[in-house]
1. Quick check on this structure: which one of A:390, A:450, A:443 is at pLDDT below 95, within 14 Å of another protein chain (Cβ to nearest Cβ) and open to solvent by less than 20 Å² (accessible area, probe 1.4 Å)?
2. Mind checking which residues of the stretch B:208-260 are in contact with a Ser or Thr (Cβ under 7 Å, 6 or more places away or on another chain), part of a loop (DSSP other than H, G, I, E, B) and open to solvent by 50 Å² or more (accessible area, probe 1.4 Å)?
3. Go through the stretch A:421-437 and give me each residue that's open to solvent by 10 Å² or more (accessible area, probe 1.4 Å) and outside any loop (DSSP other than H, G, I, E, B).
4. Can you list residue pairs whose Cβ atoms sit under 7 Å apart, with the first residue in the stretch B:238-263 being assigned by TED's automatic domain parsing to the domain that holds residue B:195 and the second being part of a helix (DSSP H, G or I) and acidic (Asp, Glu)? Count only pairs 6 or more apart in sequence or on different chains.
5. From A:200, A:140, grab the single residue that is more than 12 Å from chain B (Cβ to nearest Cβ), more than 8 Å from the ligand (Cβ to nearest atom), free of Cβ contacts under 8 Å to residues at least 60 places away in the same chain and open to solvent by 30 Å² or more (accessible area, probe 1.4 Å).
6. For the stretch A:393-401, indicate whether the set of residues that are within 14 Å of chain B (Cβ to nearest Cβ) and either under 19 Å from the mean Cα position of the chain (by Cα) or open to solvent by 10 Å² or more (accessible area, probe 1.4 Å) (or both) is non-empty.
7. Check whether at least one residue in the stretch A:214-230 is part of a loop (DSSP other than H, G, I, E, B) and in contact with a Ser or Thr (Cβ under 6 Å, 6 or more places away or on another chain), and report yes or no.
Amino acid sequence: MSLLDRFRDRVGSSAATTGDPLVDDLRAALSPERVKTDGAQRSLLGKDASVFDGGSAGPICYPVSTAEVVEIMRIAQVHERAVVPRGAGTGLAGGAIPLGAPIVVAVTKMTSILEIDEANGVAWVEPGVINLDLTRQLTPLGYHFAPDPSSQQVCTIGGNVANNSGGPHCLAYGVTNSHVAAIEVVSPAGEVIMLGGLDPEPDGYDLRGVFVGSEGTLGIATKVAVRLTKNRPAVRTLLMSFASVRDAANTVSDVIAAGIVPAAMEVMDQRITEAVENYVGAGYPTDAAAVLLAEVDGPDEGIDIDADRIAEIGRGNHATMVRVAADDTERALLWKGRKTAFGAVAQIAPDYYLHDTVVPRSALADVLDEIYAIADRHDLLIMNVFHAGDGNLHPLIVFDGRDEGVLDRVHAAGGEIIEASLAAGGVLSGEHGIGVEKQKYMDRLFSDADLEHQNRLRRAFDPVCRANPGKVLPMGHSCADIQQLRSVPTGVWG
Amino acid sequence: MTATLRNADPVLDEFAVAVGAEGTLSVAGNRTRWDVGGPLAPDTRIISAPTGIVEYIPEEMIVTVRAGTSVDELHRTLAERGQWTALPERGGTVGGAVAVGQSDYRRPARGDLRSAVLQVRYVSAEGTLVTGGGPTVKNVSGFDLPRLITGSLGTLGCIAEVILRTNPIPATTRWLSSTDADPFAIHARLLRPGPVLWDGTTTQVMLFGHDIDVTADVDRLRSVGRFDDCDEPSAPAGHRWSVPPAALTNMAALDTGAFVAEVGVGIIHAERAQIRPPLDPGARLIHERMKAEFDPTGRLNPGRIAGVR
Ligand SMILES: Cc1cc2nc3c(=O)[nH]c(=O)nc-3n(C[C@H](O)[C@H](O)[C@H](O)COP(=O)(O)OP(=O)(O)OC[C@H]3O[C@@H](n4cnc5c(N)ncnc54)[C@H](O)[C@@H]3O)c2cc1C
């Protein structure tokens, strides 16, 4: 039985939502309107953007300050209940899915940019600030926030921190962990702790570094000092077409091998490119087996050196077309196409499952071949759009959930994709995290001792498993145990 | 998994046996930073870590190297393929550099050491070989043991082997020096400033990138002061301070004595030692629990505390 099923079973199925003294305490601490218990809200926040259902939310709190988050944690302690932090709910691994009626702490009302401190190169922001809003506020000052996930119009900085999110431009600039100097955290015991600092080498263990990417299991981030990245004076965006996905993939690994680290290198295969073109008409060629979007940036003077070399490497790998975006408008359109790829897919089939693994760049072409073969074997449609420069694959399985038995095939194919990536020397996730999606694969990558040590790290922050229990580590290696659920009144949060 | 990355390695197994499960123990590198973290408790058994570059894949920009290997040897090997890492070149070992966690004074050009450790294999206090992280640049597969072990001064586990991210050495690097330019203006003026070292009088700045970009940067700099070419300075010595970068604009408020400051970074190499504020109590509690989780009997590097410089 999966972890999810075990939690589901525990909670029963009655629909009553009152009669839990926890709710009165939360309402008294926040305000009645900011503690929701109605079925509609709870069913909405029982899910995230992943394909996993079966979550069950308890009361949903919308705190507006660190002090309120502390109150929530203390109340959770008194009532012995678990707490699940939540941002915009765009996570794709089920990280924000509440298991067993925990308190859901949605930080979406904590949206202030508190201070822009240019002298220290940081901005202090609340966790509910939306990624793109932050960059929009910084742009007039000459800065931006470097991580640019495709979901940046909606996802939150808190979620970015928790998932160590990436984006196309993280190839040269690094993922979220490189762009966060300090994090104010409300610990599972309800204490306010500052992790990291504005100085480059804070004392002690790198607790800031381990909090980033911990998927809401080590506490709730209530304030983040994000690093400011200077805007780029010059940009060149190259669009290349190829007659095979292999040629595109080889171009990517040859560019890196040539010692060039572009700002971004993204590949889309023909199916996804067609979908994108039908959706936004970004100007991508639809007759190519694959397109490569490569971008270099930097000072004006040398900008064309790398751009020219990349074009040359592409031609050496049989590029059928090489085009440089003529101006900012064309560039913006190309990126719009890339970033709305997942929206475009919704036009083709009602459901999709977006995977996320990383492989060595030199293995990209072979692993992609295998992925297409896996799709054929399971009679599924798979499209590929991915952060090629990092070797970060995003196979996208498109399906209609109403088809009999399709989910089984989707999951079977997903498992084979993971195995193929690991066999090539890759890892389970590049940016979406483990959540509930990949727990069962953790022991394919790590030994028992490795997992036990990961659990030690977690326990040092949260000995009682209050924060987001049942995530990341597989059963037997985590406090996924049901202890947190013991005090949930039977039938109340069905 | 590719065969070489996590395969059983008899050399690492021997190291695990050497660490064992009992008695106090410290791993010595070349002792270039032996005093960091405070004095080692007396009668501590001292061992050394295994050596050797296990696998270098320049096309993937990663290198697998055992902890006892000298940074110099590693960088000599990488330089043959036009690459380097963020590890400081101060005569020490790879494991020592990772355990101490301090970046090179050329960090703006070479990257941050703590982001360069992709995978770590260490021997636990129980004598077991443990792996954290993975060989890829991007990875959110579970809790980040490489970040925890980096900078932990060997108090949580004995580092046996790491996979490091390598970077291409820029086509051109050029050092300039000025006595009349404002170091903060220099830092602000450049898009991607290299290291900017300032001792209160003279500023030395490294420019890097394509030749044509470096030449253009020189022109930009000459708009804020007089600059002459100079040799690459040697690594600054002295007590290491870590302060918010803005604090460098008011050096008079800091009791450093003679200093060399890394402008834009916040490291100061100073005559006098920094008095660090105590850790905040909540963070201290997590530290204590972390140590208790990983080394319940306190056998690893007794006497030392991570972060005491
Ligand atoms: C169309 C689409 C495209 C995407 N593209 C990308 C991409 O390019 N790159 C990428 O990396 N991801 C991508 N994602 C995944 C997702 O958007 C990111 O993981 C994002 O950072 C999640 O932010 P969120 O606010 O939605 O977090 P949620 O989904 O609400 O939460 C995610 C995790 O963070 C935890 N969490 C949230 N807030 C806090 C907090 N304040 N403190 C502690 N823990 C917290 C939650 O418990 C959960 O485990 C995409 C998703 C979609 C739907």
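The values are calculated or read from the model by the stated rules, or taken from the named source; none is laboratory data. Just so we're clear, the structure is a prediction, and the values are computed from it rather than from any experiment. Positions of Cβ are generated from backbone atoms using ideal geometry, with glycine treated the same way; all protein chains shown enter the neighbour counts. In case anyone asks, the SASA skips ligands and DNA or RNA and just uses the protein heavy atoms, side chains included. Shrake-Rupley method; radii C 1.70, N 1.55, O 1.52, S 1.80 Å.
1. On the way: A:450 fails: at pLDDT below 95; A:443 fails: open to solvent by less than 20 Å² (accessible area, probe 1.4 Å).
Going through A:390, A:450, A:443 in turn, the sole match is A:390.
2. Within the stretch B:208-260, the first condition is being in contact with a Ser or Thr (Cβ under 7 Å, 6 or more places away or on another chain), and the residues that meet it are B:208-211, B:214, B:225-228, B:230, B:241.
Imposing the further condition that a residue be part of a loop (DSSP other than H, G, I, E, B) reduces the set to B:210, B:225-227, B:230.
Selection gives B:226 alone.
3. Residue satisfying the conditions is A:423 alone.
4. Correct list of pairs: empty, since none qualify.
5. Details: A:200 fails: more than 12 Å from chain B (Cβ to nearest Cβ).
Residue meeting the stated conditions: A:140.
6. Scanning the stretch A:393-401 turns up at least one residue that is within 14 Å of chain B (Cβ to nearest Cβ) and either under 19 Å from the mean Cα position of the chain (by Cα) or open to solvent by 10 Å² or more (accessible area, probe 1.4 Å) (or both).
7. Of the stretch A:214-230, the ones part of a loop (DSSP other than H, G, I, E, B) are A:214-219, A:228.
With in contact with a Ser or Thr (Cβ under 6 Å, 6 or more places away or on another chain) added as a condition, the list becomes A:219.
Yes, there is a match, as at least one residue in the stretch A:214-230 is part of a loop (DSSP other than H, G, I, E, B) and in contact with a Ser or Thr (Cβ under 6 Å, 6 or more places away or on another chain).
Residues are listed down the side, and each one gets a yes or a no for (1) more than 12 Å from chain B (Cβ to nearest Cβ); (2) of a type outside the set (Asp, Glu); (3) near the ligand (Cβ under 8 Å from one of its atoms); (4) open to solvent by less than 40 Å² (accessible area, probe 1.4 Å):
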{"site": "A:69", "(1), (2), (3), (4)": "yes, yes, no, yes"}
{"site": "A:103", "(1), (2), (3), (4)": "yes, yes, no, yes"}
{"site": "A:146", "(1), (2), (3), (4)": "yes, yes, no, yes"}
{"site": "A:158", "(1), (2), (3), (4)": "yes, yes, yes, yes"}
{"site": "A:181", "(1), (2), (3), (4)": "no, yes, no, yes"}
